[in-house]
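> Dumping the structure here so I can ask a few things about it.
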Amino acid sequence: MAQVEATTERVVAADAEKVFDALADYTGTRANLLPEQFSEYEVREGGDGEGTLVHWRLQATSKRVRDCLLEVSEPTDGELVEKDRNSTMVTTWRVTPAGEGKSRVVVTSTWNGATGIGGFFERTFAPKGLGRIYDLVLDKLATEVEK
C-alpha cells in the first residue's frame, strides 16, 4: 500500500491563536466551517481540541463516502491531529504566525491507498479532490476569523 497525501494551505488575516482556537472549537466554529461534502457532524466527546471525539461523513465524490470517527490530539502548540478510528486517515492542521496579524494554516491528510490500478487513480486524483474540499474549509475559516 502506498501512502497518499493531500496538502492545502492558506494565509489568513488573523492572529495564530485566534485561528487555532476556531479550528479547535468542535462544538461551535468547526461545524460552521464544513462545506456540503460533510454531513452527520456530531461531537461525541470533549469538543475543544485535545480529547475531542468527532464524527462526520465525508462525501469526496458521488460514489466515495467515508464514515469518519476522529480522535483529536494536540501534539505541539498550534497543531491539531485528527486520527480516524475507521481508517488509516490522519489529518493534521498546523497554524503558525505569518507576519503581523496573519497566520499560515496548513492542512495535510495522509492515508494508506489502494494497490493496483485503483491505487494509481487514488494517488493521482484523490489529493486534488480533497485539496478542493479543504480549500472550501479554509475559505470559510478565513471569513470567520477575519471578522
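The values are calculated or read from the model by the stated rules, or taken from the named source; none is laboratory data. As the structure is a prediction and not an experimental result, all values here were calculated from the model. Here the Cβ positions follow ideal geometry from the backbone for every residue, glycine too, while neighbour counts run over all protein chains shown. Keep in mind that these areas ignore ligands, DNA and RNA; they rest on the heavy atoms of the full protein, side chains included. Shrake-Rupley method; radii C 1.70, N 1.55, O 1.52, S 1.80 Å.
> Of all residues in region 1-44 being touching a strand residue (DSSP E or B) at 6+ places or on another chain (Cβ under 6 Å), within 23 Å of T76 (Cα to Cα) and of a type in the set (S, T, N, Q), which is most open to solvent (accessible area, probe 1.4 Å)?
T27
> When you check E100 against the structure, is it under 17 Å from T143 (Cβ atoms), in a loop (DSSP other than H, G, I, E, B) and open to solvent by 20 Å² or more (accessible area, probe 1.4 Å), yes or no?
Here the answer is no, as E100 does not meet what is asked.
> Restricting the first residue to region 64-93 and requiring it to be under 17 Å from D21 (Cα atoms), which pairs with a second residue that is of a type in the set (F, W, Y) and part of a strand (DSSP E or B) meet a Cβ separation below 9 Å and a spacing of at least six or different chains?
Pairs found: G78/W93; E79/W93; L80/W93; V81/W93; E82/W93.
> If you take the residues in region 60-71 that are out of contact with any Lys or Arg (no Cβ under 8 Å at 6 or more places or on another chain) and not small (G, A, S), which one is farthest from K128 (Cα to Cα)? Before you say what the answer is, go through the steps one by one.
The first filter runs over region 60-71 and keeps only residues out of contact with any Lys or Arg (no Cβ under 8 Å at 6 or more places or on another chain), leaving 61-64.
After this cut, where a residue has to be not small (G, A, S) as well, the list is 61, 63-64.
On the way: T61: 12, K63: 16, R64: 14 Å.
Filtering first and then ranking leaves K63.
> Looking at region 63-76, is at least one residue within 26 Å of D48 (Cα to Cα), modelled with pLDDT of 95 or more, not β-branched (V, I, T) and not in a strand (DSSP E or B)?
Checking region 63-76: at least one residue is within 26 Å of D48 (Cα to Cα), modelled with pLDDT of 95 or more, not β-branched (V, I, T) and not in a strand (DSSP E or B).
> Here's something else I'd like to know. Output the residue which, of all residues in region 45-91 that are among the β-branched types (V, I, T) and open to solvent by less than 20 Å² (accessible area, probe 1.4 Å), is farthest from V137 (Cα to Cα).
Here the residue is T52.
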